[in-house]
Each structure stands twice: as structure tokens, then as C-alpha cells.
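Engineer: Encoded as C-alpha cells, here's the structure I'll be asking about.
The values are calculated or read from the model by the stated rules, or taken from the named source; none is laboratory data. Since the model is a prediction, treat every value here as computed from it, not as a measurement. Every residue, glycine among them, receives a Cβ derived from its backbone with ideal geometry; neighbour counts consider all protein chains shown. The accessibility values were calculated without ligands, DNA or RNA, using every heavy atom of the protein model including side chains. Shrake-Rupley method; radii C 1.70, N 1.55, O 1.52, S 1.80 Å.
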Amino acid sequence: MSSEQLPDTIYFTDPLHDEFSVMEIHSDPITKDYRYIRDRGFWGRIKRFFTFRIIAKPIAKIYLKSKFRHEIVGKWKLKRYKKQSIFIYGNHTQIIGDALMPAFILSPRYINVIVHPNNINIPGIGKFVPLLGGLPLPGDKEAKKNFEDAINTRVKQHQPIVIYPEAHIWPYYTGIRPFVNDSFTYPVYYGAPVFCFTNTYHRRKNGKVRIRTYVDGPFFADYEIPAKEAREALRNEVYNTMCERAALSTYEKIKYVKKTDD
């Protein structure tokens, strides 16, 4: 099923856990044998450069511009932090687009995106996910150590980390769903700047959808309070900012309705 075949109305039960991606892909949990960093050494760097810059970015640009007339507002806010690692959070509302947009929001930098393990099994492109910056969530304690080592490596390399805190895809959703503060552990631990980007939806003259992405930040953790409270405060600041931006959407392609007990 393609995004064009999505229903006009979607009924949901749990905004924290309901998933509405039309791509039915299932994968085994990530184990200790999974290799997160694939660009070590000369040939590894060449492979990442070729895959990310020569193949993926041109295709992504054509897709986003032709399908959504995608535009970014506020990208200049990132310029001051282009030589250090940042954590940037976005709303999860596009099945394909969410894998592509961060490359342009953070261009010309390489990106790293925390993804669901299903992403490495997407037909045709799954095997390229690591070279495109995908960091699939670990499935056990040993894999978690490798995952955290990979995050640490990318931070030391001054590369940005992209996180979709809503975790589940709700196509074309114009609000911001509640999300937990777990993923804000990283910027608090590393003392890294935090940004967010919010995709908003608008109708073009031909009836098609335009996506306008707003970039906001930086936000910083408060180190005068306990880490747990700093994580929650940072989450709230990002969440509230994204809610304000999401309210700028002027077109609701899909209506989301909460199911009742009736």
C-alpha cells in the first residue's frame, strides 16, 4: 500500500504506541553481532561518501521537491554548531520522507538517525541503512552496549544524531503526540546542544501537499538540577516548541480520531 492509498480517517487507541506505517516489515532483534559503524578505514569512508552523497542525497532531493515542494525554515540556527555534535528531534509523520529530510536539514553534514530495526530489512535499501547513518535500536543488553558505543563514536566525530521521539509513524499527522523523555538522556549526558524540527502540512494550488519544516533551538540541559529532572525539562521545552510549530499546519490530509469505548 502506498501513501496515496492511506484512508482519509484513521482511528487510534494509544497515541504512544499505535503504528500506522503501511510498510509491513518485520525483523529479528538487533544482537551483539550487529556492526553499527561501517565507515572505518579508507574504503569504509569511501563507501559512506558514495552511498550518502552521490546516490542517496540526489534521489532524496528529487523526491522531496517533486512530491512535497519541501522547504526548510530556520536552518540558519544550526550554522553556529556545525562543528560539534548535536541532538535533533523531529515529528514522525512520513513513511519515506522522514528518512530523507534530515539529510537536507543538516546538510552538508553526514547524519545519524536512530531507527527501528525494521529499517535494515526494507527491500532494496535496507542494506544501505548503516552507510546512510541509520542506527537501529538494540534488542538486548550486549547490543545496547554496542549501540551506545556507536553514539559515543559519532559524538566524538562531531556528527549530529537525529531522533524521532514519537517512535511510531502517523502519516500526515498535524499534531505532536506525547513522548517520553528517555531519548533526552543523551544530550544531558554529553552536554550537547539540542534542536528540533517540525514538519507542517499545507495544501498547494493543485491540491497536493506541501511540507514546510521549521527548525528550532538550541536548547540546553540545566545542570543545576538532577539529571532526571534536567532530562524532563529538556523534553518539555522541545515538546512545547514542536506543538507551537505544528499548529502552523493549514491542511489536514488525514483526520485522526480517538476510538471510544462505545
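Engineer: Would you please name the residue that is nearest to the chain's Cα centre (by Cα), looking only at residues in segment 125-140 that are over 16 Å from Asp39 (Cα atoms) and small (Gly, Ala, Ser)?
Structural biologist: Gly126
Engineer: Being modelled with pLDDT of 95 or more, more than 20 Å from Glu232 (Cα to Cα) and surrounded by fewer than 21 Cβ atoms within 10 Å (Cβ to Cβ), is that true of even one residue in segment 118-137?
Structural biologist: For segment 118-137, residues modelled with pLDDT of 95 or more, more than 20 Å from Glu232 (Cα to Cα) and surrounded by fewer than 21 Cβ atoms within 10 Å (Cβ to Cβ): absent.
Engineer: Considering only segment 195-247, how many residues are among the β-branched types (Val, Ile, Thr) and either farther than 17 Å from His92 by Cα or without any contact (Cβ under 8 Å) to a residue 12 or more places away in the chain (or both)?
Structural biologist: Total satisfying the criteria: 1.
Engineer: Scanning segment 57-87 for residues that are among the aromatic types (Phe, Trp, Tyr) and at pLDDT 95 or above, which turns out farthest from Ala192 (Cα to Cα)?
Structural biologist: This residue is Phe68.
Engineer: Oh, and also: Limited to segment 31-50, what total is found for residues that are over 19 Å from the mean Cα position of the chain (by Cα) and either part of a loop (DSSP other than H, G, I, E, B) or surrounded by 16 or more Cβ atoms within 10 Å (Cβ to Cβ) (or both)?
Structural biologist: Within segment 31-50, the first condition is being over 19 Å from the mean Cα position of the chain (by Cα), and the residues that meet it are 31-35, 38-50.
Next, only the ones that are either part of a loop (DSSP other than H, G, I, E, B) or surrounded by 16 or more Cβ atoms within 10 Å (Cβ to Cβ) (or both) stay: 31-35, 38-40, 47-48.
The total comes to 10.
Engineer: Looking only at residues in segment 98-117 that are modelled with pLDDT of 90 or more and small (Gly, Ala, Ser), which one is surrounded by the most Cβ atoms within 10 Å (Cβ to Cβ)?
Structural biologist: The qualifying residue surrounded by the most Cβ atoms within 10 Å (Cβ to Cβ) is Ala103.
Engineer: Being open to solvent by less than 20 Å² (accessible area, probe 1.4 Å), part of a strand (DSSP E or B) and in contact with a Leu (Cβ under 6 Å, 6 or more places away or on another chain) is true for just one of Thr213, Thr200. Which residue is that?
Structural biologist: Thr200
Engineer: Now, a different point. Scanning for something part of a loop (DSSP other than H, G, I, E, B), open to solvent by less than 50 Å² (accessible area, probe 1.4 Å), in contact (Cβ under 8 Å) with a residue 40 or more places away in the chain and in contact with a His (Cβ under 8 Å, 6 or more places away or on another chain), does segment 150-164 turn up at least one residue?
Structural biologist: Yes, segment 150-164 contains a residue that is part of a loop (DSSP other than H, G, I, E, B), open to solvent by less than 50 Å² (accessible area, probe 1.4 Å), in contact (Cβ under 8 Å) with a residue 40 or more places away in the chain and in contact with a His (Cβ under 8 Å, 6 or more places away or on another chain).
Engineer: Based on what the data block shows, is Thr185 among the β-branched types (Val, Ile, Thr), out of contact with any strand residue (DSSP E or B) (no Cβ under 9 Å at 6 or more places or on another chain) and either assigned to a helix (DSSP H, G or I) or more than 16 Å from Gln94 (Cβ to Cβ) (or both)?
Structural biologist: Judged against the criteria, Thr185 is a match.
Engineer: Moving on. Determine, yes or no, whether Leu78 is in a helix (DSSP H, G or I), touching a residue at least 24 places away in the same chain (Cβ under 8 Å), on the phi < 0 side of the Ramachandran plot and not acidic (Asp, Glu).
Structural biologist: Values: in a helix (DSSP H, G or I): yes; touching a residue at least 24 places away in the same chain (Cβ under 8 Å): yes; on the phi < 0 side of the Ramachandran plot: yes; not acidic (Asp, Glu): yes.
So Leu78 passes the test.
Engineer: Filter segment 91-124 for residues that are farther than 27 Å from Lys205 by Cα and within 11 Å of the chain's Cα centre (by Cα) and give the result.
Structural biologist: Listed by number, the residues that qualify are Ala103, Ile111, Asn112, Val113, Ile114, Val115, His116.
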